[in-house]
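Asks: I have a structure here, written as structure tokens, and I will follow up with some questions on it.
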There are 2 protein chains.
Amino acid sequence: LLSPDQRDHLDVVLVSPRNPLNIGAVARAMANFGFDRLTVVAPYVPHWREAKSAVGAPDLLNRARETASLAEAVADCTFVAGTGTLTHRKPEQPVVTPAELAAMLQGELARGGRTALVFGPEKHGLTREDLSWCHVLVEIPTDPRQPSMNLGQAAAVCLYELGARPASAANRDAAQPSQIAPASATSAALDRLADLIDQTMIAADYSPPAMRQANRHDLRLLLRRLAPNSTDNRRILGLFRRILWRLDKPRKNSKPGTENA
Amino acid sequence: LLSPDQRDHLDVVLVSPRNPLNIGAVARAMANFGFDRLTVVAPYVPHWREAKSAVGAPDLLNRARETASLAEAVADCTFVAGTGTLTHRKPEQPVVTPAELAAMLQGELARGGRTALVFGPEKHGLTREDLSWCHVLVEIPTDPRQPSMNLGQAAAVCLYELGARPASAANRDAAQPSQIAPASATSAALDRLADLIDQTMIAADYSPPAMRQANRHDLRLLLRRLAPNSTDNRRILGLFRRILWRLDKPRKNSKPGTENA
């Protein structure tokens, strides 16, 4: 159970939602459970307008943020959870239940982080690419004969678990950070680091151009698995900046005063 | 978390649902969480037909039972939970959370009972009259500024809690019946007892005719609060039959062999 203040540090993110009724249902579940911050990624404009102007639409729809990409939507976040079912794919992230997610979010929010809960389009859900921005995949345990949930209902179940359900003793324990740690790095900081490592790979002729896209994908996953805190992240960035500078400028031009000078 | 066999002993009951999309959403949540038994009370026929014939409608809609009254829908049940919010009324039943309901249902089902989870019409929810057939009122803890949930989403949250969420240690304990008790009396048996007591009240000139309806209402509540088991119920029925027979036939005509003969 997140406190009202913690709920203000969770963004609900809808990636390209299509059905205005579903958008309205997600907004209503948010209002039911005390969540106010909605971001919509690349919405289909006519349906998005229709959802906002529907009779009885919660105010939070008109305050919603719009972004062009998921990367932009979660840029400020230190912990991102994607939702979906595993029926047709092998997950690249740890898979957690909504109850486990509640405990993880509480820990992250207690350390001063910002978090996001991401829902994919109705038809196919989040892509493998979308999920590479996510630290975990939340799966609601459904019947294998009918695993796929309606978007508004999946949001209601997740937000109920985060905003309304009293934590069990076990969850309360898990929510207590065992030690005071710095907040995790933001998604944007991880993306900057990934960019830098990517450039470094190119500069170092690490792999053939045909592999670049797959490498970037794996890199995003790796960084989220490692989950560096903000201090770690700055250090690694500094290291790669140095490496890249060295690769671009061969030794003979190196700055005086460094260890390779 | 109810076992698949236990889920077959829970009926989901919709009282006069109006919106075909909501009916479909409830059926979908049932399929998602492994529940198969739906009863619809006094449905509005055109909308009910539309829901059943919708593209992708779960099979369980076509197997649904239809009844004219809630009393008939829950007649075989030994434990009935109504759903709703408390905003505008003072409850006459104990109010429980979905998590507490899960523990109570497990206990009842372990004793061999049959149970029902009842949802009211979209517009106003279950009436005070409807709730007098219910042993408890389940309330999903929502934000006081937006307490009322969409029917399909409320069903998804309740059925998730009953069909998918692993019980915490505390709930598992609560679900173990502390002693082997007979199953509770069915709703129909309680109604038969209420009828008999009602007739007894009339025969005894217990209260003015204007009070009869209120008395019947209070009687339903009382019997569900007492929750007699099936053996108790038969005993109380026997007692009131005897009393009623005595009231109808004054002493001079009494059967030989009884203590008043």
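Asks: Given (1) outside any strand (DSSP E or B); (2) within 26 Å of B:Ala156 (Cα to Cα), identify the lone condition not met by A:Glu108.
Replies: (2)
Asks: So, one more: Tell me which residues, restricted to the stretch A:137-151, are at the interface with chain B (Cβ under 7 Å from one of its Cβ atoms) and under 19 Å from the mean Cα position of the chain (by Cα). Break it down stepwise before answering.
Replies: Quick first cut of the stretch A:137-151, residues at the interface with chain B (Cβ under 7 Å from one of its Cβ atoms) only: A:140-143, A:146, A:149-150.
Correct list: A:Ile140 only.
Asks: Scan the stretch B:21-39 and give yes if some residue there is within 22 Å of A:Ala25 (Cα to Cα), buried (at least 23 other Cβ atoms within 10 Å of the Cβ) and among the aromatic types (Phe, Trp, Tyr), otherwise no.
Replies: yes
Asks: In addition: Which helices (runs of 4 or more DSSP H) sit wholly inside the stretch A:1-85 and have at least 3 residues that are over 23 Å from A:Trp133 (Cα atoms) and away from every other protein chain (no Cβ under 13 Å)?
Replies: Values: elements: A:4-7, A:20-32, A:45-53, A:70-73.
Helices (runs of 4 or more DSSP H) meeting the threshold: A:45-53.
Asks: Please go through the stretch A:95-114 and give me each residue that is at pLDDT below 90 and surrounded by fewer than 20 Cβ atoms within 10 Å (Cβ to Cβ), ordered by number.
Replies: A:Gly107, A:Ala110, A:Arg111, A:Gly112
Asks: Something else about it: If you go through the stretch B:45-64 one residue at a time, do you hit one that is surrounded by fewer than 19 Cβ atoms within 10 Å (Cβ to Cβ) and closer than 25 Å to B:Arg220 by Cβ?
Replies: no
Asks: Let me ask another. Can you name the number of the only condition in (1) in contact with a Phe, Trp or Tyr (Cβ under 8 Å, 6 or more places away or on another chain); (2) part of a loop (DSSP other than H, G, I, E, B); (3) touching a residue at least 12 places away in the same chain (Cβ under 8 Å) that B:Gln93 fails?
Replies: Going through the list (1) in contact with a Phe, Trp or Tyr (Cβ under 8 Å, 6 or more places away or on another chain); (2) part of a loop (DSSP other than H, G, I, E, B); (3) touching a residue at least 12 places away in the same chain (Cβ under 8 Å), B:Gln93 breaks only (1).
The values are calculated or read from the model by the stated rules, or taken from the named source; none is laboratory data. Just so it is clear, the model here is predicted, and its values are computed rather than measured. With ideal geometry, Cβ positions are generated from the backbone for all residues, glycine too; neighbour counts draw on all protein chains shown.
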